[in-house]
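These notes are about the structure you will find just below.
The values are calculated or read from the model by the stated rules, or taken from the named source; none is laboratory data. What you are looking at is a predicted structure, and each value in this text was computed from that prediction instead of being measured. Backbone-built Cβ (ideal geometry, glycine too); neighbour counts: all protein chains shown. To get the accessible areas, we keep the full protein, side chains included, count just its heavy atoms, and leave off ligands, DNA and RNA. Shrake-Rupley method; radii C 1.70, N 1.55, O 1.52, S 1.80 Å.
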Amino acid sequence: MTRTLGVCYYPEHWPEDRWADDAARMARLGLTHVRIGEFAWSRLEPKRGAYDFDWLRRAIDTLHAAGLKVVLGTPTATPPKWLVDEMPDMLPVGADGMVRKFGSRRHYDFSHDGYLEECKRITLALAKAFGAHPGVSAWQTDNEYDCHNTTLSYSAAAQSGFRAWLQRKYQSPDALNRAWGNVFWSMEVAEFDEIELPNLTVTEANPAHAMDFRRFASEMVVRFNRAQADIIRTHSPGRDVIHNFMGRTLAFDHFDVGADLDISSWDSYPLGFLEDRSDQNDDWKRQFARAGDPDFQAFHHDLYRATSRGRWWVMEQQPGPVNWAPHNPAPRDGMVRLWSWEAFAHGAETVSYFRWRQAPFAQEQMHAGLLRPDSAEAEGFAEVARVAREMHDLEGKLDDKTGRAEVAIVFDYASSWAWEIQPQGREFDYFRLVFEFYRTMRRLGLSVDIVPASAPDLEGYRIIAIPGLFTWTPALIAAIRAHQGFTLIGPRSGSKTADFAIPAALAPALPKDIVDVEVSRVESLRQDSPVHLAEGGSFQYWREFLEAGSGTETILTAEDGVPGMVAQDKHRYLGGWPDQSLLYDIILRLADHAGLAIKELPDGVRLRRHGDHVFAFNYGATAFDLSVLGWTGTPLLGDLILQPSGVAVMPVSRAGCQTHDPREHS
Ligand code: GAL
């Protein structure tokens, strides 16, 4: 595998006589890929059927002539005004029943059949025109599905699509009434056409109803993407089909969309995300304001690598301040370089920066590019040049494959929908729960893989964590049974049936030979009222009352004597949301039993194993001596003293990573 760099470029934003210069400069910088076209519909088809592809052909020719490989975007995230005026019911409708208007982007409803046909038409026209162009090496479908909360739409199109979907799923209204429990509050329906969308109800809608709507909406995204992917594959053979996902975006199942992609990519804006999407407190945000959260990027790298069977990119990498977070600081010197190397450490093939030149006009005029609006180099430029040089120097010295991590976490989009629909306690957020497990594993120096609940391959992992899983799949149960390593299950895992009801056997509804435990009741807790455990630490937000079977051993006990965690052979069931230090202790002990080499790391320092090498990254503001972790000799890249924003790479044999024999079960 060769690692490559790229950039996002908008030829339609600049006079044509600049294109060749821009292209030559990109190539000189060491970039090899350039993504274009994803918002250009109004220029590609100014009026229905009046295609104007000549300028795009000239742009692709120019980039190609400079040796660049083009990733061509389909422009379907920005339907032009004439199209919206022809078909106003394609506009998305918010949960408040208000139509979202033309004038920005993503103004369409995934379930609108007419808009889907229009997208197929423009995709087909582009694929026929450019599919065989030697300069086009890949395609990007649309842009950032769900950006600006656009998966869920409560339009007439959604309503009729949802009814048809329910009819296919349940066959009869009676079956639906039974599955949803519609006898409750007289919600029974006699016809599928009586079913409304689950918004604007007087109080909450039936969770089973809301859950099916989430499933339907997710399938609409999959359908939309697949329609484009199929056309591109037919007319542009040999080119990769890519989509660019976002950070902490859970509204559709990315594993399902990823199944239709050759490469998953995502758009990584570490500083924007820290301000905008982090659950951490202000101290943490202040500490990492110019570096980003030390685990957030890594989590998404690992997640999206799993969605497309290993091949993945960063399609948009933050190069300087963005424009869309509450505050938009500049990255600390060296961070653009660090983020780039971190992506490669997690197996990225390509890191592509957003964007080439800052646009002086319109919504994103305050968003940095690699160039300033006056075409002078902006802050990120020199860092990209350095990454390109370092990549050149390390050519052939790093492994091609990321390899399997030591531990894994099961991640499941449906679980995030379920707990959003029914949090039961304000703080119960699925992403947050999973992310806390992920962060804790990384604080112990572990590399982590993410595994989907739908198709879990647990082979070889020493520990599998399954927090907050909505419902079991037979595949996951079978995989747990066959798993040789440890499992850490709960809280709240297996607490519902697929129909969003409480299982007859009560949670966690696991076969007794896996863990013989029953959750007899649960409570959610005020933030200021944790439940303390006899062994130290506490459960916050959520705790369960466990009734443990005779084959289990109680490992943690709440102050009131209720078991908090039980063990059966290599399986653990955790009956609460552990505070940070408790979770740390739980995973530390498990890692020790599993024979893993543990490295207790400060907040800002993180490690990632990549094949036979280990990468170290310093998000923190103070230097860190890697020799305290057992690193010896000269790193392949960087120094043993890891400066703030520093990156170092060491062969595993000299990074003190030997695992030891698993200890006997305690
Ligand atoms: C992304 C999007 C880009 C641009 C960028 C700004 O979410 O895909 O088009 O808007 O954010 O940071």
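Rounded to the nearest percent, how much of the accessible area of the chain (1.4 Å probe, protein heavy atoms only) is carbon and sulfur? About 50 percent, which is the carbon plus sulfur part of the accessible surface. Highest-first packing order for the peptide set 462-471, 257-266 is 462-471, 257-266, based on the mean count of other beta carbon atoms within 10 Å. For the stretch 407-593, the percent of C-alpha pairs falling in each 10 Å distance bin, counted from 0 to the bin holding the largest distance, reads 10, 41, 41, 8, 0.
Ranked by the mean number of other Cβ atoms within 10 Å of their residues, highest first, the peptides 452-458, 214-220 fall in the order 214-220, 452-458.
Sorted on the mean count of surrounding Cβ atoms within 10 Å across their residues, most packed first, peptides 495-506, 389-400, 158-169 read 158-169, 495-506, 389-400. What shape does the stretch 1-138 take by its C-alpha gyration tensor, where a ≥ b ≥ c are the square roots of the eigenvalues and a/c under 1.5 counts as rounded, a/b above b/c as prolate, and the rest as oblate? Because a/c hits 1.5 or more and a/b exceeds b/c, the stretch 1-138 counts as prolate. Reported to the nearest whole Å, the Cα centre-to-centre distance from the stretch 223-300 to the stretch 328-368 is 14. Using only C-alpha atoms and all pairs of different ones, pull out the Kirkwood radius for the stretch 287-381 in Å with one decimal. 14.1 Å is the Kirkwood radius here. Per residue, the convex hull spanned by the alpha carbons of the stretch 499-629 comes to 185 Å³.
For the pair the stretch 12-45 and the stretch 548-608, the centres of their Cα atoms are 52 angstrom apart. Considering only the Cα atoms of the stretch 482-565, their convex hull presents on average a projected area of 6.6 nm². Counted over all Cα-Cα pairs of the stretch 262-320, pairs farther apart than 16 Å make up 45 percent.
Each Cα pair under 8 Å and six or more residues apart adds its separation to the average, and for the stretch 605-654 the resulting relative contact order is 40 percent. With every protein chain in place and a 1.4 angstrom probe, the accessible-area ranking of Val647, Val562, Val202, largest first, reads Val202, Val562, Val647. For the pair the stretch 443-473 / the stretch 145-210, the C-alpha centres are spaced 32 Å from each other.
So if R0 is 35 Å, what FRET efficiency would Gln527 and Glu194 give, r being the distance between their Cβ atoms, rounded to the nearest 0.05? About 0.30, to the nearest 0.05. Each of Gly485, Asn323, Phe192 was scored by the projection of its Cα onto the charge dipole of the chain, and the greatest displacement toward the positive side belongs to Asn323; charges sit on the C-beta of Lys, Arg, Asp and Glu. Pairwise inverse Cα distances across the chain, averaged and inverted, put the Kirkwood hydrodynamic radius at 26.3 Å. If you sort the three axes of the alpha carbon gyration tensor as a ≥ b ≥ c, you get a/c of 1.5 or more for the stretch 568-666 and a/b no higher than b/c, which makes it oblate.
Each label point was placed 7 Å from the Cα along the Cα-to-Cβ direction; for Ala175 and Asp393 their separation is 6.4 nm.
Using a 1.4 Å probe, what is the accessible area per residue for the stretch 198-245, in Å²? Per residue, the stretch 198-245 has an accessible area of 37 Å². The sum of -39500 (n - 2.57) across all DSSP H runs of n ≥ 4, divided by the residue count of the chain, sets its helix-only mean residue ellipticity at 222 nm to -9500 deg cm²/dmol. Here the spin labels are modelled as points 7 Å beyond Cα on the Cα-Cβ line, and at Trp284 and Glu86 they lie 4.9 nm apart. Considering only the Cα atoms of the stretch 605-654, their convex hull presents on average a projected area of 2.9 nm². The residues of the stretch 9-65 present an accessible area of 45 Å² per residue when probed at 1.4 Å with all protein chains retained. The count of lysine pairs in the chain that are at least 8 places apart or cross chains, and whose C-alpha atoms lie under 20 Å apart, stands at 11. Using a probe of 1.4 angstrom and keeping all protein chains present, the accessible surface of the stretch 537-666 works out to 38 square angstrom per residue. From the square roots a ≥ b ≥ c of the eigenvalues of the alpha-carbon gyration tensor of the stretch 166-283, which class results: rounded (a/c under 1.5), prolate (a/b over b/c), or oblate? Since a/c reaches 1.5 but b/c is at least a/b, the shape of the stretch 166-283 is classed as oblate.
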